[in-house]
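Reviewing the structure listed below.
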Amino acid sequence: MSDSSIQQQLALAAPFTDGEPMETSEWRDSLASLLQASGPGRVREIMDMLAATARAPDIGWQPAPGTPYVNTIPASHQPAFPGDIGTEERLASLMRWNALAMVVRANQAYGELGGHIASYASAADLFEVGFNHFFRAGEQGDLVFYQPHSAPGVYARAFLEGRLEEDDLAHYRQEITARQRGVKGLSSYPHPWLMPDFWQFPTGSMGIGPISSIYQARFMRYLQHRGLLDTSKRRVWGVFGDGEMDEPESMSALTLAAREKLDNLIWVVNCNLQRLDGPVRGNGRIIDELEALFAGAGWRVIKLVWGSDWDGLFARDTEQALTRAFAKTVDGQFQTFAAKDGRYNREHFFGQDPALEALAQGLTDEQIDRLKRGGHDLVKIHAAYHAAMETAGRPTVVLAQTKKGYGMGEAGQGRMTTHQQKKLERDDLIAFRDRFDLPLTDEQAASLAFYRPAHDSPEMRYLHARRAALGGFIPARRTAAPPVPVPPLSRYAEFAVQAGGKEMSTTMAFVRMLTALLKDQHLGARVVPIVADEARTFGMANLFKQVGIYSFNGQAYEPEDIGSVLSYREATDGQILEEGISEAGAVSSWTSAATSYSVHGQPMLPFYIYYSMFGFQRVGDLIWAAADQRSRGFLLGATAGRTTLGGEGLQHQDGSSLVQAAAVPNCRAYDPCFAGEFAVILDHGMRQMMERQEDVFYYVTLMNENYAQPSLLAGVEGDLIKGLYRYATHKPENAESKAKVRLMGSGTILREVIAAAELLAGEWGVTAEVWSATSFSELAREARDVERFNRLHPRGEPRVSHVRLCLDGGAPVIAATDYVRAWPQLIASYVDAPFTALGTDGFGRSDTRAALRRFFEVDRHHVALAALTALREQGQVDADVCAQAISRYGLSVDAPASWVA
Ligand SMILES: Cc1ncc(C[n+]2csc(CCOP(=O)(O)OP(=O)(O)O)c2C)c(N)n1
C-alpha cells in the first residue's frame with residue numbers, strides 16, 4: 001500500500017477531532033506504522049482484538065454502521081481495465097442515443113405512449129460494463145434482472161447487435177400495431193409474455209425483480225444440491241433502482257440471501273438519488289442508508305461513488321476536505337449539484353471550504369462539470385463488478401452513484417421532473433449529440449435518426465467479439481423444454497377416483513397424491529413441494545422425513561423429534577422448500593421452479609400450498625408476475641372458502657381468491673368439491689404443463705372439511721375440466737308439478753346444494769338437477785370465446801358454449817359457492833335462464849360451519865328458498881310456498897345482510 005493510500009485510509013477518521021489531539025495522533029500514527037510494517041491483515045487482527053475489548057459492557061463501544069462517502073475499492077486496488085475504453089464509450093453513447101430517440105419518437109407520434117429516458121441515461125454504463133465483461137449468455141449463462149425503466153437501453157443494444165431492426169425500434173410501446181405490420185414491437189418493460197424469446201424476468205412492478213432474483217439464486221443452489229443441474233458457475237445479476245429499494249419486497253429476503261451464502265448473487269443498485277417525484281432521501285444519503293442495511297443483513301457492500309477523475313483530487317486532498325464535505329452533503333444537494341453546471345459546482349461545492357477551493361483551482365468549469373460519479377466510469381464499475389465476482393460466501397451489492405438523466409443537460413440531468421421527460425427540443429437533441437460526440441448531422445439529430453455503425457466498423461466488431469466471448473446475446477429466453485411423462489391417474493389417485501364414500505378432506509387427498517407422485521420414477525424428482533410454515537396445518541409432516549427439507553448446509557442439530565417417523569429432517573438434498581412465514585418468498589420460490597423449464601431447461605413441477613387467504617390477496621402481484629413469466633405449476637389455496645374454515649374468522653376466511661385468479665389470463669382456477677374431481681384436475685394440469693408444454697398454471701382450492709367422498713361418476717372428466725358436469729337429478733316421488741330447477745355449487749357448498757336438491761324434491765315437489773361447477777372461470781372463458789366467435793362470424797354456424805349446452809331450457813339456475821357472488825356471476829350473462837347467485841360477500845367471522853353457512857345464506861335451506869323464489873318469479877309456485885319455507889327452516893328475515901353485517 002502506498003503512503004498516500006495509507007494516509008487516505010487513516011484520514012477517514014480525521015473528522016473526529018477531540019480534546020486530546022496529541023494522544024489521538026499518537027494512536028493514529030501507531031496504526032499507520034503497523035499498517036506499513038505488517039500490512040492490512042495484521043491491522044485487522046489488532047482491530048478485532050481492540051474491538052472485542054471495547055465492546056465489554058462497561059465500555060459499551062459499538063461500531064458505526066457505515067463507511068465514509070468514498071469508493072470501497074481504492075484506486076490502488078483496481079484491476080487493469082480489460083477492454084478498449086474508447087470503443088466502449090462510443091458504443092454506450094450510441095445506445096444512449098438510440099434509446100432516447102426511440103422514446104422521443106414514440107411520444108412525438110403519439111403523446112400517450114409514454115416511456116422513460118432518464119433512468120437508462122443514468123444506468124447505461126452500469127449495463128454496458130455488464131454486457132461487455134460480465135453477463136454471460138447460453139445454457140450455463142447468467143440470469144440478469146434489468147431495471148424496468150431502462151428497457152429502451154436494452155433494446156438499443158439489441159438493435160446494435162442486429163437482433164432488432166429500425167422498424168422494431170420505431171414500434172416501441174406499440175405491440176399491437178407492430179404485429180399488424182409484421183414487425184416485433186417492443187414492450188414497455190421486460191415482459192416475457194409479450195416478448196417470449198427475449199425477456200426472461202418481468203421487473204416492471206417495483207420490488208418484484210429484487211425478491212425474485214434472490215429466490216432465483218437460491219433455486220439455482222437447490223438444483224445444484226439436489227443433483228439436478230450444475231449451476232455452480234452461474235450468477236444472478238440484478239440492476240435495480242435506489243427508489244425501488246423502498247419496496248418491502250426488495251428488502252424482505254436480504255437476510256435469506258446472506259444466510260444461505262448466495263455468492264452467486266450480485267445486485268447493482270443504480271443510486272441516481274432520485275425516484276419519480278423527487279429525491280429518494282433528500283435529507284440523507286441513500287447510499288449510506290443502504291450500506292448499513294445491506295451490511296447489517298450480511299451482504300458485501302461495494303460503494304462505487306466517484307469516478308476516476310476524482311482520484312487525483314483525493315490524492316491531493318491531504319486535509320481530507322472532500323470526505324468531510326461529503327459527510328455534510330445530503331442527496332437533495334447532490335441532486336442540485338448534478339442539475340447545475342461547473343460554475344455552480346465550483347462556487348457551491350468547492351467554494352464551501354478553502355481547501356476544497358484549492359483542489360478545484362487547476363480545473364476549468366467544464367472539467368468540474370464533467371467530473372464523473374462512480375456509476376458513469378467504466379473503469380470504476382469494472383473494478384466493483386470484478387470485486388463482486390471474487391466475493392465468496394455472501395451476496396454482494398454494488399451501490400453505484402449516478403446522475404439521473406445523465407447527459408440530458410438542461411433538459412433533464414438531475415431535474416426533479418426528469419423521470420417523466422419524454423420529449424426533447426431540437427436544441428436539446430443537438431446538445432446531446434455534442435455531449436456524447438455522436439456521428440450525426442444536425443438534421444439527423446433533430447429528426448431522431450437511429451444510428452447503427454457499419455457491420456465491419458471497429459465498434460461493431462468489438463461489440464460482437466465481446467458478446468461472443470461471453471456466450472452470445474442476452475437477454476434471451478428459451479421457450480421449449482423436454483417433456484416429462486406424467487403417470488396414469490390410477491397409479492397415484494385411485495383412492496380418490498374410487499373413493500366409495502370414504503371420509504376425507506380434499507387437502508388430505510392432495511397430500512396423499514403428492515406423496516405418491518414424489519415417488520414416481522420420472523416426475524418424482526421434479527416435484528417441488530413448497531410451504532410457508534403451514535406444512536403441519538395441511539397434514540404434510542410425513543414428507544419432512546420422506547423427502548427432507550432443503551437446507552443449503554444440511555442439519556447441524558439433533559432434532560427434538562429424532563425418533564419419530566415424522567421427524568423434522570433438513571438436508572442438503574432435501575426436496576421441500578420450507579420458506580418460513582413469507583408468502584412473498586414462497587411464491588417467489590414457486591415462480592423459480594415454475595419457470596425452470598425455460599430458465600434452466602429443467603422442467604420442474606412446483607406445488608405451493610398455503611392458506612388461500614394469503615395467496616392472491618396477499619401476493620397477487622407476484623402471482624401476476626409469475627403469469628407474465630409463463631409459469632407452470634400448481635398453486636393450492638388450502639383452507640379455502642369463507643364457511644369451511646370455521647373458527648378462523650375475518651383475516652383467514654377467503655372469499656375472493658377465485659375471482660382474482662379468474663382475472664389472470666393463463667391461470668386455470670378450480671374449486672372442486674370432491675377428491676376424485678381434484679384428481680382429474682391434477683392429471684389434466686400435469687399433462688397440459690409437463691407433457692404438452694402449455695404456458696398455463698393452476699390454482700386449485702383445497703378444503704379441510706372431512707366428508708364422505710363419492711366415487712367419480714363415469715365419463716364426466718371432459719365436462720369436469722370444462723368447469724361443469726351434472727352430478728345428480730333429484731325428482732319428487734309423486735310429481736304433480738312440472739317445476740324444475742338447476743342447482744349449481746362448487747367447493748364444499750356443493751354438498752349443501754345436494755342437500756337442497758333433496759329438500760326440493762322431497763318437501764316441495766320440485767325436480768332439482770345438481771351440477772358440480774368445478775370452475776366458473778373456465779366456463780366463462782369458453783363462453784366468452786363462443787360469444788365473440790358468433791359476433792364476428794354472423795354468417796357462420798353459431799357455436800354453443802358448454803354452459804349453454806348444459807343449461808338449456810328455461811329452468812331457473814341457482815348457484816351457490818363459498819365465495820363472493822362475483823365468482824358464480826362470471827357465467828351469469830351466458831346462461832339463458834333466470835340466474836340467482838348466492839355467496840359469502842362481506843367480512844368473515846368465527847363460528848361453526850353450520851352457523852357460518854346460515855349467516856352467509858349459502859346453506860341448504862337458503863339454496864332451497866332461492867330455488868322456490870326463482871320458481872315463484874316464473875309463476876310456478878305461490879308466494880305462500882316461499883313464506884312456508886322461510887318459516888319451516890327458521891330463516892331470519894330481519895337479520896342484516898352478510899355484506900353489511
Ligand atoms: C410497485 C410499483 N409502484 C410504482 C411504480 C411506478 N414507478 C415506476 S418507476 C418509479 C420510480 C423509480 O425510481 P428508482 O427505483 O429510483 O429508479 P430510477 O428510475 O430513478 O432509476 C415509480 C414510482 C412501479 N413501477 N411499480
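The values are calculated or read from the model by the stated rules, or taken from the named source; none is laboratory data. Because the structure is predicted, anything quoted here is derived from the model rather than measured. Neighbour counts are summed over all protein chains in view; Cβ atoms, including those assigned to glycine, are modelled from backbone coordinates with ideal geometry. In case anyone asks, the SASA skips ligands and DNA or RNA and just uses the protein heavy atoms, side chains included. Shrake-Rupley method; radii C 1.70, N 1.55, O 1.52, S 1.80 Å.
Compute the angle between helix 776-792 and the longest alpha-carbon principal axis of the chain, please, reported from 0 to 90 degrees and rounded to the nearest 10. So the helix axis and the longest Cα principal axis differ by about 90 degrees.
When the pairs 328/403; 303/403; 340/403; 184/423 are compared against a 22 Å limit on Cα-Cα distance, 184/423 fall above it. Could you tell me whether region 682-839 comes out rounded, prolate or oblate from its Cα gyration tensor? Rule is a ≥ b ≥ c as square roots of the eigenvalues, rounded for a/c under 1.5, then prolate if a/b exceeds b/c, otherwise oblate. Note, shape of region 682-839 comes out oblate. Between the helical axis of 616-628 and the longest alpha-carbon principal axis of the chain there is an angle of about 70 degrees. Its residues counted as N, region 486-626 yields a C-alpha radius of gyration over 2.2 N^0.38 Å of 1.09. Taking all protein chains together and a 1.4 Å probe, the residues 830, 725 rank 830, 725 from largest to smallest accessible area. A Cα-only calculation for region 54-134 places Rg and Dmax at 21.6, 70 Å.
Is the shape of region 631-745 best called rounded, prolate or oblate, per the rule: a/c under 1.5 gives rounded, else a/b larger than b/c gives prolate, else oblate, with a ≥ b ≥ c the square roots of the Cα gyration tensor eigenvalues? The shape class here is oblate. Residue 193 exposes around 100 Å² of accessible area when a 1.4 Å probe is run over every protein chain in place. Under 16 Å of direct C-alpha separation, and excluding same-chain neighbours fewer than eight residues apart, residue 740 reaches these aspartates and glutamates: 758, 763, 769, 808, 832, 873, 878. Annotation: amide H of residue 144 within the under-5 Å range of 237, sequence separation 5 or more or interchain, hydrogens built in the peptide plane. Think of a 1.4 Å ball rolled over the protein heavy atoms: region 187-227 then has 24 Å² of accessible area per residue. For region 708-863, the solvent-accessible area works out to 43 Å² per residue, with a probe of 1.4 Å and every protein chain left in place. For region 275-333, pairs of C-alpha atoms spaced more than 12 angstrom apart make up 74 percent of the total. Summarising the amide proton neighbourhood of residue 699: residues at separation of 5 or more, or on other chains, whose placed amide H is nearer than 5 Å comprise 635, 668, 669, 670. Under 5 Å from the amide H of residue 174 lie the amide H atoms of 186, each residue being 5 or more positions distant or on a separate chain, with H modelled from the backbone and absent for Pro and chain starts.
Only protein heavy atoms count here; under a 1.4 Å probe, residue 900 has an accessible surface of about 100 Å². To the nearest ten degrees, helix 879-888 and the longest principal axis of the Cα atoms of the chain are 80 degrees apart. A 1.4 Å probe, protein heavy atoms only, puts the accessible area of residue 291 near 10 Å². Per residue, region 28-126 exposes 49 Å² of solvent-accessible protein surface, assessed with a 1.4 angstrom probe and all protein chains in place. Take the Cα of residue 880, step 7 Å toward its Cβ, do the same at residue 37, and the gap between the two points is 11.4 nm. Shown here for region 20-125: trypsin sites (Lys or Arg not before Pro) in loop regions (DSSP other than H, G, I, E, B) with at most 16 other Cβ atoms within 10 Å, namely 55.
Extents of the chain, taken as max minus min of Cα coordinates on every principal axis and listed largest first, are 108, 72, 55 Å. Our Cα-only numbers for region 375-487 put the radius of gyration and Dmax at 20.4, 67 Å. When all alpha carbon pairs of region 146-305 are counted in 10 Å bins from zero, the resulting P(r) reads 10, 33, 30, 21, 6, 0 %. Over region 673-720, the hull volume per residue, using the convex hull of the C-alpha atoms, is 81 Å³.
Phi-derived couplings, Karplus 6.51 cos²θ - 1.76 cosθ + 1.60 at θ = phi - 60°, listed residue by residue for region 571-582: 8, 4, 9, x, 9, 7, 9, 9, 8, x, 7, 9 Hz, with x used for Gly and Pro. Take the alpha carbon gyration tensor of region 460-531, find the square roots of its eigenvalues, order them as a ≥ b ≥ c, and report rounded if a/c is under 1.5; if not, report prolate when a/b exceeds b/c, else oblate. Prolate, because a/c is 1.5 or more and a/b exceeds b/c.
Taking the accessible area of the chain, probe 1.4 Å, and keeping the other protein chains in place, the carbon and sulfur fraction comes to 50%.
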